[in-house]
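Trainee: Handing you a structure now.
The values are calculated or read from the model by the stated rules, or taken from the named source; none is laboratory data. On a predicted model such as this, the values are computed, not experimentally measured, just so you know. We place every Cβ from the backbone using ideal geometry, glycine too, and count neighbours over all the protein chains shown.
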Amino acid sequence: MSPTASRPTSAPSRNSPGGLLPDATPSGRLPGAAAGLAASLRTQLGRAAPALLAYAAVRLVGLLVLALWAHAQHHGVRPILATQWDANWYLGIARHGYAHRLGTAHDANNLAFFPLYPFLVRAVAALTPGTAATAGLLITVAASFLAAWGVFAVGHRLHGRRAAVLLTVLWAALPVGLVQWMGYTESLFTAFAAWSLYAVLSERWLWAGWLAALSGLTRPTGIAVAAAVTVTALLALRHRFSSRALVAAAVAPAGWLAYVGWVGLRLGRWDGYFAVQRLWHNEWDGGAETLRRMREVLVTDSTPELFLVMVTVTLAACTALYVLCVWDRQPLPLLLFTGVLLLIVLGSGGVYFPRARFLLPGFPLLLPVALYLSRASRRFLTLALGTAVLGGAYCGAYMVLVWPSAP
């Protein structure tokens with residue numbers, strides 16, 4: 001199997017416009033003038049429009065359920081989305097910067113949070129009349145649509161428009177999908193990851209490398225995107241030398257390495273970032289803690305918390321879906337990305353309850369479900385998607401209104 005192999009019966013040709021990223025000519029220049037690029041983008045946006053409209057509809061249903069439930073409990077929606085839990089950490093970094101040392105001060109552990117999102121929040125807040133919290137929401141919502149477009153682009157390249165739209169809807173309707181419109185980094189990270197993977201599949205190596213580097217500045221799991229790009233690029237060199245593939249392989253992990261290295265320099269110790277993670281009780285244990293908590297939720301606890309049941313079911317389902325992805329011989333970049341992502345999330349000995357959120361960017365895991373639904377009857381499809389959308393809306397509202405801790 002070629003590192004970037006895809007299904008030949010449904011994938012667009014190499015020279016057809018497959019997504020947001022422009023092709024490069026042999027001379028290295030972008031094709032055509034600005035008008036041509038704008039026309040190409042309009043064409044691609046028109047192709048993705050049904051998926052983006054469906055994405056907006058799913059997320060608006062989730063927002064409506066949250067608003068009605070929050071109103072019944074006399075809660076405001078904006079504080080829930082913009083200023084609580086991890087969003088508050090990012091706002092603190094945007095306003096005051098990072099801590100200079102390890103310790104127990106209120107901000108001493110904020111070096112665990114990667115810098116690109118709070119940097120963007122600070123920049124947008126400085127250029128707009130709104131608050132930093134408003135800027136964070138604007139960035140997140142805008143990034144969520146770019147992410148949905150990228151999810152569609154990958155699905156369309158591999159399996160055509162119908163499966164791609166369904167893949168986008170399924171990603172929007174995940175039980176933790178509400179996080180996509182919160183002041184968190186999942187939407188921004190998924191946008192970088194999806195377009196980087198699309199760039200690898202279409203052999204746009206420089207785009208793939210730089211987008212992977214940006215993902216590595218956004219979340220710790222950016223190393224999963226880097227692994228997908230670097231390994232695929234190096235394997236591609238066995239068949240044909242390409243200086244761009246070589247550059248992509250080198251650039252892809254640069255963002256993650258740069259931040260981890262900077263934390264080490266800031267703290268004056270080579271393992272500075274990992275020392276910060278230990279303060280958050282995030283250490284690799286090969287999955288022992290994950291298995292213990294799953295067994296506790298499913299077997300030991302007679303009355304398990306609903307949110308923890310959802311997290312546990314999500315972890316088990318994602319593991320099973322990865323096996324199906326391997327069986328279905330997904331392209332290597334997708335398998336590498338989701339495989340490393342699962343390895344990080346399941347192998348961590350840290351806190352258990354955010355694990356479902358950590359897997360939210362792993363949209364390729366949903367491809368087997370999207371393909372199955374694309375062949376299903378209209379009645380079954382309507383029932384399945386309706387259940388997913390309403391169930392996801394309920395879980396999202398429950399996650400932030402009933403569950404007492406962070407999502």
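Trainee: Within the stretch 282-340, work out how many residues are in a helix (DSSP H, G or I), of a type outside the set (A, V, I, L, M) and under 28 Å from N110 (Cβ atoms).
Mentor: 6
Trainee: Hey, another quick one. How about the stretch 267-276: which of its residues are surrounded by 14 or more Cβ atoms within 10 Å (Cβ to Cβ) and hydrophobic (A, V, I, L, M, F, W, C)? Let's see the steps before the verdict.
Mentor: Taking the stretch 267-276 as the starting set, the residues that turn out to be surrounded by 14 or more Cβ atoms within 10 Å (Cβ to Cβ) are 267, 272-276.
Passing the criteria: L267, F274, A275, V276.
Trainee: Go through the stretch 30-146 and tell me which helices (runs of 4 or more DSSP H), entirely inside it, have 2 or more residues that are more than 18 Å from V179 (Cβ to Cβ). Please lay out each step first, then the result.
Mentor: On the way: elements: 34-72, 77-82, 86-96, 116-127.
The helices (runs of 4 or more DSSP H) meeting that bar are 34-72, 86-96, 116-127.
Trainee: OK, next. Kindly state which helices (runs of 4 or more DSSP H) lie completely within the stretch 232-280 and contain at least 2 residues that are closer than 28 Å to S348 by Cα and free of Cβ contacts under 8 Å to residues at least 40 places away in the same chain.
Mentor: Where helices (runs of 4 or more DSSP H) fall fully within the stretch 232-280 and carry at least 2 residues being closer than 28 Å to S348 by Cα and free of Cβ contacts under 8 Å to residues at least 40 places away in the same chain, they are 254-267, 272-279.
To keep it simple, each residue is scored yes or no on (1) among the acidic types (D, E); (2) assigned to a helix (DSSP H, G or I).
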| position | (1), (2) |
| --- | --- |
| R162 | no, yes |
| V165 | no, yes |
| W195 | no, yes |
| E203 | yes, no |
| A208 | no, yes |
| A212 | no, yes |
| T218 | no, no |
| V225 | no, yes |
| T230 | no, yes |
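Trainee: Does P407 fit the bill of being outside any helix (DSSP H, G or I), crowded, with 18+ Cβ neighbours inside 10 Å and in contact (Cβ under 8 Å) with a residue 40 or more places away in the chain? Break it down into steps so the answer makes sense when it comes.
Mentor: Numbers: outside any helix (DSSP H, G or I): yes; crowded, with 18+ Cβ neighbours inside 10 Å: yes; in contact (Cβ under 8 Å) with a residue 40 or more places away in the chain: yes.
Considered against the rule, which asks whether it is outside any helix (DSSP H, G or I), crowded, with 18+ Cβ neighbours inside 10 Å and in contact (Cβ under 8 Å) with a residue 40 or more places away in the chain, P407 comes out as yes.
Trainee: Hey, among R219, R238, which residue is surrounded by fewer than 24 Cβ atoms within 10 Å (Cβ to Cβ) and of a type in the set (K, R)?
Mentor: Criteria check complete, one pass: R238.
Trainee: Mind telling me which of the residues G264, G287 ends up being surrounded by 13 or more Cβ atoms within 10 Å (Cβ to Cβ) and either among the hydrophobic types (A, V, I, L, M, F, W, C) or out of contact with any Phe, Trp or Tyr (no Cβ under 8 Å at 6 or more places or on another chain) (or both)? Outline the logic, then answer.
Mentor: Values: G264 fails: either among the hydrophobic types (A, V, I, L, M, F, W, C) or out of contact with any Phe, Trp or Tyr (no Cβ under 8 Å at 6 or more places or on another chain) (or both).
Of the residues listed, the single one that is surrounded by 13 or more Cβ atoms within 10 Å (Cβ to Cβ) and either among the hydrophobic types (A, V, I, L, M, F, W, C) or out of contact with any Phe, Trp or Tyr (no Cβ under 8 Å at 6 or more places or on another chain) (or both) is G287.
Trainee: Please find, among G362, G396, G339, the residue that is among the small types (G, A, S), touching a helix residue (DSSP H, G or I) at 6+ places or on another chain (Cβ under 8 Å), under 19 Å from A164 (Cβ atoms) and at pLDDT 95 or above.
Mentor: So the residue among G362, G396, G339 that is among the small types (G, A, S), touching a helix residue (DSSP H, G or I) at 6+ places or on another chain (Cβ under 8 Å), under 19 Å from A164 (Cβ atoms) and at pLDDT 95 or above is G362.
Trainee: Sticking with this structure for a sec: Does A194 satisfy being buried (at least 24 other Cβ atoms within 10 Å of the Cβ), of a type in the set (A, V, I, L, M) and within 13 Å of A153 (Cα to Cα)?
Mentor: For A194, the condition - buried (at least 24 other Cβ atoms within 10 Å of the Cβ), of a type in the set (A, V, I, L, M) and within 13 Å of A153 (Cα to Cα) - is met.
Trainee: Please identify the pairs in which a residue from the stretch 342-358 that is over 17 Å from A320 (Cβ atoms) has its Cβ atom under 6 Å from the Cβ atom of a residue that is among the acidic types (D, E), counting only partners at least 6 apart or on another chain.
Mentor: Listed by first residue and then by second, the contacts come to G349/E283; G349/D285; G349/E289.
Trainee: Kindly indicate which of L279, L315, L308 is out of contact with any Cys (no Cβ under 6 Å at 6 or more places or on another chain), at pLDDT below 90, aliphatic (A, V, I, L, M) and surrounded by 14 or more Cβ atoms within 10 Å (Cβ to Cβ). Please lay out each step first, then the result.
Mentor: Numbers: L315 fails: at pLDDT below 90; L308 fails: at pLDDT below 90.
When all the criteria are applied, what remains is L279.
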